[in-house]
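One structure below.
The values are calculated or read from the model by the stated rules, or taken from the named source; none is laboratory data. Small disclaimer: the values here were computed from a predicted structure and weren't measured. Virtual Cβ from ideal backbone geometry, glycine too; neighbours counted across all protein chains shown. Please note that ligands, DNA and RNA were not included when accessible areas were found on the heavy atoms of the full protein model with its side chains. Shrake-Rupley method; radii C 1.70, N 1.55, O 1.52, S 1.80 Å.
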2 protein chains.
Amino acid sequence: MREQALGRHLILEIWDADPHLLDDAHALEQLLLQAARAANATVIQSVFHHFSPYGVSGVVVIAESHLTIHTWPEYRYAAIDIFTCGPKMDLEAAVEVIAAGLGGRMVQLEISRGQGVRRAQRQPLALSAAQ
Amino acid sequence: MREQALGRHLILEIWDADPHLLDDAHALEQLLLQAARAANATVIQSVFHHFSPYGVSGVVVIAESHLTIHTWPEYRYAAIDIFTCGPKMDLEAAVEVIAAGLGGRMVQLEISRGQGVRRAQRQPLALSAAQ
């Protein structure tokens, strides 16, 4: 049924990762950018923040949607999302980069977004006035 | 079991929304910022992009995690995520703002992130050298 969806959304739950890496905003930004490139994504912008006393939130906006990460170093836990659209995307390659970079244990859940939308009649729009 | 999770992640699927609104990056940014404020979130940064010929991707990074939106105006469809942590967050208020703003039909799915992590022993870290 994946062909019927507009987007693929991977939910990654990661435990037992290196807490020092989970607290390093720069290293996590480089890792997610590497994952985005491995997935054949076009990176538009990345925003990463370190929180006190520890923890990082980061977003990589890609032309094909986004990657996000939120970390709790004190629990050695990270929540990662990879949301993509487009047939050229290689999500598995992105997951491999993240798994290799963070270590620990990973659980994956995939959600099809916009499931069934293509069954409805697509409506080309005259939107030139917008945006 | 929600008390055992570190984060609440709402997946919103929206159909039959106004296609012109779904193509208006500025209006969608204002809507998600309004939703973030309604949820008691602290907004750190927002990044919104319009794609050719139509469609918008947007991210609002909040201190409590993120809100994202990706739209397919030609299908009158939007995929929204609201990821939060912290007991003061009012996700239902954010959903109400989004539902009122976009109209159409909405399906919600909630995922508990970091489920069970608190059961493990929390490990305060000496991370002063990091970041």
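Please find, among A:Q4, A:Q30, A:Q34, the residue that is surrounded by fewer than 18 Cβ atoms within 10 Å (Cβ to Cβ), over 21 Å from B:C85 (Cα atoms) and over 16 Å from the mean Cα position of the chain (by Cα). Spell out the reasoning first.
Values: A:Q30 fails: over 16 Å from the mean Cα position of the chain (by Cα); A:Q34 fails: over 16 Å from the mean Cα position of the chain (by Cα).
Going through A:Q4, A:Q30, A:Q34 in turn, just one is surrounded by fewer than 18 Cβ atoms within 10 Å (Cβ to Cβ), over 21 Å from B:C85 (Cα atoms) and over 16 Å from the mean Cα position of the chain (by Cα): A:Q4.
Residue under question is A:H49, and the condition is that it be in contact with a Gly (Cβ under 8 Å, 6 or more places away or on another chain), at the interface with chain B (Cβ under 7 Å from one of its Cβ atoms) and open to solvent by 40 Å² or more (accessible area, probe 1.4 Å); does it hold?
Judged against the criteria, A:H49 is a match.
Looking at (1) open to solvent by less than 10 Å² (accessible area, probe 1.4 Å); (2) within 18 Å of B:I69 (Cβ to Cβ), find the lone condition where A:C85 falls short.
So the condition that A:C85 fails would be (1).
Filter the range A:15-27 for residues that are open to solvent by less than 20 Å² (accessible area, probe 1.4 Å) and either facing chain B (nearest Cβ under 10 Å) or more than 23 Å from A:V107 (Cβ to Cβ) (or both) and give the result.
Restricting attention to the range A:15-27, the residues satisfying the condition of being open to solvent by less than 20 Å² (accessible area, probe 1.4 Å) are A:17, A:19, A:22-23, A:25.
Passing the criteria: A:P19, A:L22, A:D23, A:A25.
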